[in-house]
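The values are calculated or read from the model by the stated rules, or taken from the named source; none is laboratory data. Fair warning: this is a prediction, and the values are worked out from it, not measured in the lab. Counting neighbours? That spans all protein chains shown, and the Cβs are built from the backbone with ideal geometry, glycine included. For the accessible areas, the whole protein counts, side chains as well, though only heavy atoms, and no ligand, DNA or RNA atoms are used. Shrake-Rupley method; radii C 1.70, N 1.55, O 1.52, S 1.80 Å.
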Amino acid sequence: MTAHAILTAEEHGDLRIRTARGAALGDAIMAALVVPAEFRAVQGEYPILFRLDQAREGFTALALFGFESGENLFLRGQEWDATCRPLSVDIQPFLIGRSEDPDAPAQVHIDMDSPRIDNAGEGIRVFDEHGRPTPYLEAIAEKLGALDEGYRAAPAFFAALRRYDLLEPFTLQVALEDGSTNRLVGFHVIDEDKLRTLDGTALGALHAEGHLMPIFMALASLSNLSALIARKNRALGHG
Amino acid sequence: MDRLVSRIVIVGGGTAGWLAACSIAARADLAASPPLQVILVESPDIPTIGVGEGTWPTMRGTLARIGIAEPDFLLACDASFKQGTRFDGWRTGAAEDRYHHPFTTPLEGQPRDVVAAWAEQARERSFADAVGPQPHACTLGLAPRQRIMPDYAGALNYGYHLDAGKLAALLAHHATERLGVRHLRDHVEGVERATNGDIVAIRTRASGTIEGDLFLDCTGQAALLIGEHCRVPLIDRTAQLFNDRALAVQVPVAPDSPIASQTIGTAHSAGWIWDIGLPTRRGIGCVYASDFLSDDEAAASLARYIRAAAPDCDPGALAFRRLAFRSAHRERFWQGNCLAIGQSAGFLEPLEASAIVLIELSLDALLDNFPVERGAMDLHARRFNALFRYRWDRIVEFLKLHYLLSQRQEPYWRAHRDPASVPERLNELLRIWRHQPPSRTDFDAADEVFPAASYQYVLYGMGFPPPRPGPIAGNPASVAAGLRQVEHRARSLAAALPTNRSYVDALAAEHPAGPAPAPTLTPAPARLETL
């Protein structure tokens, strides 16, 4: 964690960030964290799946890019073939920093070990020659704010899913065109049958708390699984 | 029977000759019968003089059509990006006296509204700064593009600064190795003519006669074909543009020094000094009028500039090269089956780097209106001559404009403002521009060399007053949002673009076979074998 630094114009006045996409820049990832507030934005491109954390205490939501570790089927050389990316991907190599005091304003931190830190002078500047944030940093700060807000709202969403027992384990059989059959395990999805049986009171409560839309968005996102399988087949040289 | 035009003979191998060879061969239809044959005859012992080291944005299209990848070009020609020209000291000579003529055109809108919006809402900024983001990027020494962009695409419009000798070598290699151009190193000793005056063939010292259907005179100032043999006279333009000397020098630069994003043209008492930044050197030269300044005074002026602009460099240790020229162009550029391209067609002081672009425009005009058979050639020649007489006139006027609005009081500058030295059309336009900004109405030919925007940049850069509101209402509010966007875009580009130095260094690091930056006066060894 030592490479995480608070971003300041004094320290990082000449800093440039490599904003291209690519495996060498850390984009070869199978999935990335998404927050319920952005389900609507990402559900058009990626399947949204849920995973129990290792302590089996809480769920996180993930946008799926591939079927094995390090596989990002949206990545083609220097291109990320999608109209949008999850906030947690877009804000790299920045992070939200918080002090002990939960009410203190969040800070922008940066991971100075990230391959996105540019040393060749070809990346995007974070501060201009006068030390003012560039439009790029302004956009990053906006995304960090949205991510932070979404992240802090997420526990209530997952609590609601548990309250109504709306998550079920998910196993996907993937028959690829090279003849192999693969299984994607370890994820959860919205239990559609349970969702159907919820009465008006329960639905009304979910809706009042703003959870209903992300639930349906997550459901709808599963139609991207077949497109992702098609990408996998193309990557294998089939289809 | 009318002969089909298929044998193109190019005489002369400088920038003009090799650009011609590549452009023609690259556009030849390989399935044509008879196929187009291009031969370039170059005298083995006449050194080519670089006609200029600044190009226009047109060069990107030219190189792309020829089939040369941008990184290869940049590395082989020791090139960097040119985003326009900055004029220092032209108005008064004071320390803060400078303005930009960027390549990117002003924001969208009626010229009347754009100029009025600047004058009313953004007068604290220069015109060029208010209407486009490019001057800001130039001030920061930024490249106009990122390396991940496709070849020849830019966030800002750009041309190049380059080593003209290396460009000729690169084009020669490409022409002969890739495009099937025949290269003959031989002396041209004479010309065989038909009764109608056409050139039938050129006689060479060692290779006999070379017949052709169309002969391109790219022999530079010698004008071997168009001048010596076709006897087409020159039209003198020294009454308008009386600079006739240049002292040129190459100043080495440190490997990590910033590279300027634009040509810098600095006025002095009797002319101006060019300053063109390449990765390994700066080309600096003093242009002057011998009627107003002695050679020694010019050398002193140049040395003074170098001491101020490149303090680490001792001007006494540099070799100044003296060039004599006169501003003039042919009465006709195409006569019979002989077409002059490059300096054989004419020469003007390189204030707006018009030399190479005129070569490109001539080749575009030739290839877009190719004389398929001899019978069509006279018609094409007449059209070509009319078009290029128009273009040379417009260039003379535009160059003259740079001098005309100056308030400098030296005799040279006062002489430049003598009404007798000002083309009548320019005088008329200036009278009109008191009441309306330069617009497309003033320059209505297709493919004007200098569009109205260029005139706006010079006019308002030199302090010409923007028109006052008149009886016809404008709508400056329509461009108010545009003005704000310019500021935002300038900030975004300043953040996103690398410096020129970072760009060329990263490029060189990726192509280690390229020439290493060598901070010496001797040219770095050419990557390509000279032919």
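List of remarks:
- Cα gyration tensor shape of region A:4-235, rounded if a/c is under 1.5, else prolate or oblate by comparing a/b with b/c: oblate
- Per-residue accessible area (protein heavy atoms, 1.4 Å probe) orders B:392, B:274 as B:274, B:392, starting from the largest.
- Prolate/oblate/rounded label for region A:128-239 (Cα gyration tensor, a/c 1.5): oblate
- DSSP H segments from chain A that extend 18 Å or more along their own axis, Cα-based, with Kyte-Doolittle mean of 0.0 or above: A:135-163
- Local net charge near residue A:214, Cβ-Cβ under 11 Å (Lys/Arg +1, Asp/Glu -1): -1
- Antiparallel beta bridges, as assigned by DSSP with both residues in the protein assembly as shown, represent about 80 percent of the total such bridges.
- Accessible surface of residue B:65, taken over heavy atoms with a 1.4 Å probe and every protein chain present, rounds to 120 Å².
- Helix B:164-177 axis versus longest C-alpha principal axis of chain B: approximately 40°, rounded to the nearest ten.
- Exposure ranking of B:294, A:226, B:421 by accessible area [1.4 Å probe, largest first]: A:226, B:294, B:421
- On association of chains A and B, roughly 1100 Å² of accessible area becomes buried (total for both chains; probe 1.4 Å).
- A cut-off under 14 angstrom between Cβ atoms defines the neighbours of residue B:85, and their net charge, with Lys, Arg +1 and Asp, Glu -1, is -2.
- Partner lysines whose Cα lies under 18 Å from the Cα of residue B:82, excluding those fewer than 8 positions away in the same chain, are identified as B:166.
- Theoretical ellipticity at 222 nm over chain A - DSSP helices of four or more residues, -39500 (n - 2.57) apiece, nearest 500: -9500 deg cm²/dmol
- When only the Cβ of Lys, Arg, Asp and Glu is charged (+1, +1, -1, -1), the dipole of the protein assembly as shown relative to its Cα centre reaches about 1520 debye.
- Computed 3J(HN,Hα) for region B:415-420, one whole-Hz value per residue from the Karplus formula 6.51 cos²θ - 1.76 cosθ + 1.60 where θ = phi - 60°, is 5, 5, 8, 4, x, 5, glycine and proline marked x.
- Options B:76, B:103, B:64, ranked by Cα towards positive dipole end of region B:62-105, top entry (Cβ charges): B:103
- With Cα atoms, 0 to 90° folded angle of helix B:424-433 axis to chain B main axis: 30 degrees
- In order along region B:307-323, phi translates into HN-Hα couplings of 4, 7, 8, 9, x, 6, 10, 8, x, x, 8, 9, 8, 8, 10, 9, 10 Hz, rounded to whole numbers, per the Karplus curve 6.51 cos²θ - 1.76 cosθ + 1.60 with θ = phi - 60° and x for Gly and Pro.
- Per-residue [θ]222 nm for chain B (sum of -39500 (n - 2.57) over DSSP H runs n ≥ 4, rounded to 500): -10500 deg cm²/dmol
- Taking all C-alpha pairs of chain B, those more than 38 Å from each other amount to 28 percent.
- Rel. contact order, % - alpha carbon contacts under 8 angstrom, at least six apart, region B:172-247: 16 percent
- Span from the region B:234-303 Cα centroid across to the region B:442-511 one, whole angstrom: 25 Å
- If the Kirkwood radius is taken over C-alpha pairs of the protein assembly as shown, then at 10 °C and 1.306 mPa s the Stokes-Einstein diffusion coefficient equals 52 µm²/s.
- The amide H of residue B:449, built 1.01 Å from its N in the peptide plane, has no neighbour under 5 Å, considering only residues 5 or more places off or on other chains.
- For chain A, a crude dipole built from +1 on the beta carbon of Lys and Arg and -1 on the beta carbon of Asp and Glu, taken about the Cα centre, is about 680 debye to the nearest 20.
- Local charge for residue B:247 was computed over the other residues whose Cβ lies under 9 Å away, with Lys and Arg +1 and Asp and Glu -1, and equals +2.
- Between the amide H of residue B:157 and those of B:104, distances stay under 5 Å, these residues lying 5 or more places away or on another chain, with hydrogens modeled in the peptide plane.
- Considering only chain B, percent of DSSP beta bridges that pair antiparallel, nearest 5: 70 percent
- Close amide H contacts of residue B:98 (hydrogens built in the peptide plane, cut-off under 5 Å, sequence separation of 5 or more or a different chain): B:89.
- When both bridge partners sit in region A:4-235, DSSP labels roughly 100% of those beta bridges antiparallel.
- Where trypsin sites (Lys or Arg not before Pro) fall in DSSP loop in region A:1-107, at most 14 other Cβ within 10 Å: A:56, A:98
- Mean separation of Cα contacts under 8 Å, 6 or more apart, over the residue count of chain B: relative contact order %: 24 percent
- Rounded to the nearest 10 degrees, the inclination of helix B:500-510 to the longest alpha-carbon principal axis of chain B is 40 degrees.
- DSSP-loop GluC sites (Glu not before Pro) across region A:1-67, with at most 11 other Cβ within 10 angstrom: A:57
- Straight-line cross-link partners of residue A:194 among the aspartates and glutamates, defined as a Cα under 14 Å from its Cα and at least 8 positions apart when in the same chain: A:165, A:168.
- Charge dipole of region A:170-239 (Cα centre as origin; +1 on each Lys and Arg Cβ, -1 on each Asp and Glu Cβ, all else neutral): 300 debye, rounded to the nearest 20.
- Fully extended contour minus Cα-Cα distance, from residue B:123 to residue B:195, at 0.36 nm per residue: 19.4 nm
- Prolate/oblate/rounded label for region A:28-131 (Cα gyration tensor, a/c 1.5): oblate
- Using a probe of 1.4 Å, the accessible surface attributed to residue B:125 totals some 60 Å² when neighbouring protein chains are kept in position.
- Positive-end extreme of charge dipole, the protein assembly as shown - chosen from B:376, A:121, A:87 (charges on Cβ): B:376
- With each label modelled as a point 7 angstrom along the Cα→C-beta vector, the residue B:221-residue B:379 pair spans 4.0 nm.
- Applied to region B:129-142, the Karplus parametrisation 6.51 cos²θ - 1.76 cosθ + 1.60 on θ = phi - 60° returns per-residue 3J(HN,Hα) values of 5, 6, 9, x, x, 5, x, 4, 4, 5, 4, 8, x, 8 Hz, with x for Gly and Pro.
- Calculated FRET efficiency for the pair residue A:139/residue B:418, C-beta based, R₀ 60 Å, to 0.05: 0.60
- Normalising the average separation of contacting C-alpha pairs (under 8 angstrom, six or more residues apart) by the number of residues puts the relative contact order of region A:4-235 at 28 percent.
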